[in-house]
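Below you'll find the structure, written out as structure tokens, and then a few comments.
Only the coordinates and a few stated rules stand behind these numbers; no lab work does. This is a predicted model, so every value here is computed, not measured. Note that each Cβ is placed from the backbone with ideal geometry, even for glycine, and that neighbours are counted across all protein chains shown.
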């Protein structure tokens, strides 16, 4: 009998120790807006018919999806789900149109990247509340924030309040970079006059969109703030699990490279690494000398990054890349490795790379590297001034007097909407 009791006691102590160890993992972890809503603010959603805007990133601090949590709550009625680009499960390639989805035991999943990008009145019927809960990457041309604005505008038109569950900006909240969008070039990949790296959480940006009246109809907005997040934090300091926000952003380093290297998407004769396991880290083409380009880029002594030669063969990868540039062709180029997130300047680095390629190869390639999809490149960069960089190869050119003034105005305005120190 004593041995049985001893065994029980040992098992109990062991289980308790394991539980304590598990809880210790979350001790210094940031609590997202979802965590705060569920633990402290359920009265906001009790008795409500809810529309949820989300994807695979909408999980709590231990990885449970938001929709699974909401379905199990008493007197909370999940009536519709809305999914952005890449779909509800985040497994659809960039730019690929998506139909509405049916998933067992879930309400209709309406696609906001198919026949419409803005919820229709029919989709919003009988809803009392819309919740937005998606992890962003802090880059202007990442389309989840465009979906945010269109959802809020549709909610404003329908008289439906919106709750944004805040999440960290993976790139931190202290630095901005790149030109403020010239609204002549407004599009779905750039809807607001903000820099490429805009330095806000999605909750702060939602407040700014409404406060600056960047949408035509204004809903009643509530932002559920995070607990434990500070402006100088990068995502690897939050203690939260990394979930790929889209198929080609597999880690934080790629998220940091994206604001600069994604500019190469608009240059047809250069691969930005789509169709490989290292998108935006590998840049190349069949005609590039990777060793010379790596040497040129390293000689520039750009802060927080190093380059090395690489070769790769882009391939069609389901859910990641359909018919990527130079599919099944041997490409040569560079691999980028971020060595210091604090000093790294992604937009500045991307511009330096474009200038280096143009200087090295404009005599060999008709039109040089500047033979780009000009409309797309202008929309990505945010202003046609990017072409001045080709003709006057100074990557600092976008920080001339005009752009410094616009950036300073943006920084002054954004301070009105900051929620965190």
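Relative to the longest principal axis of the Cα atoms of the chain, helix 2-25 runs at roughly 40 degrees. Can you give the FRET efficiency to the nearest 0.05 for residue 44 and residue 115, using r as the Cβ-Cβ distance and R₀ = 30 Å? Once rounded, the FRET efficiency stands at 0.45. Shown for 93, 407: other C-beta atoms within 10 Å of each C-beta, ranked fewest to most, produce the order 407, 93. The separation of segment 45-80 from segment 249-277, counted between C-alpha centres, amounts to 32 Å. As a proxy for reagent exposure, ranking 301, 48, 345 by other Cβ atoms within 10 Å from fewest up yields 301, 48, 345. Kirkwood analysis of the Cα pair distances in the chain returns a hydrodynamic radius of 22.8 Å. Ordered by the count of other Cβ atoms within 10 Å of each Cβ, fewest first, 103, 338 give 103, 338.
Taken as Cα centroids, segment 96-143 and segment 287-313 sit 40 Å apart, rounded to the nearest whole angstrom.
Mean projected area of the convex hull spanned by the Cα atoms of segment 33-245, taken over all viewing directions: 11.2 nm². Between the helical axis of 401-414 and the longest alpha-carbon principal axis of the chain there is an angle of about 0 degrees. Building the convex hull from the alpha-carbon atoms of segment 252-384 and averaging its projection over directions returns 7.7 nm². Using a simple spin-label model with pseudo-atoms 7 Å out from Cα toward Cβ, residue 187 and residue 339 lie 3.6 nm apart. When shorter helices are ignored and each DSSP H run of at least 4 residues is given -39500 (n - 2.57), the per-residue value for the chain at 222 nm works out to -9500 deg cm²/dmol. The C-alpha atoms of the chain define a longest principal axis, and helix 144-158 lies at about 60 degrees to it.
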